[in-house]
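Below is one structure; the comments refer to it alone.
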Amino acid sequence: MSLYHQAFELYGPLCLWSTKEMKSPSLLDVIDAASRLKREGNMASRRFAERLEVLPFLDDKKP
């Protein structure tokens, strides 16, 4: 399970209630979810958002 989908499982009702979970999220979807986790959530969701924000940079480092 990707971190994006895990975010919906863990924090959906708290932070992501007003957005739809995408099967294949784009970079914009991931950034939007991270922003909502930080804005609407608690400290645990903010830490999770920081992990989501790193994902695009990790993907760029793959050979």
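The values are calculated or read from the model by the stated rules, or taken from the named source; none is laboratory data. Every value quoted in this text rests on a predicted model; they were computed, and no experiment measured them. Positions of Cβ are backbone-derived with ideal geometry, glycine not excepted, and every protein chain shown enters the neighbour counts.
Residues in segment 50-60 include at least one that is acidic (Asp, Glu), at pLDDT below 95 and more than 9 Å from the chain's Cα centre (by Cα). Taking residue 45 as the residue in question, decide whether it is out of contact with any Pro (no Cβ under 8 Å at 6 or more places or on another chain), polar (S, T, N, Q) and modelled with pLDDT under 95. For residue 45, the condition - out of contact with any Pro (no Cβ under 8 Å at 6 or more places or on another chain), polar (S, T, N, Q) and modelled with pLDDT under 95 - is not met. Restricted to segment 26-44, and to residues there that are assigned to a helix (DSSP H, G or I) and of a type in the set (Gly, Ala, Ser), the residue that is surrounded by the most Cβ atoms within 10 Å (Cβ to Cβ) is 33.
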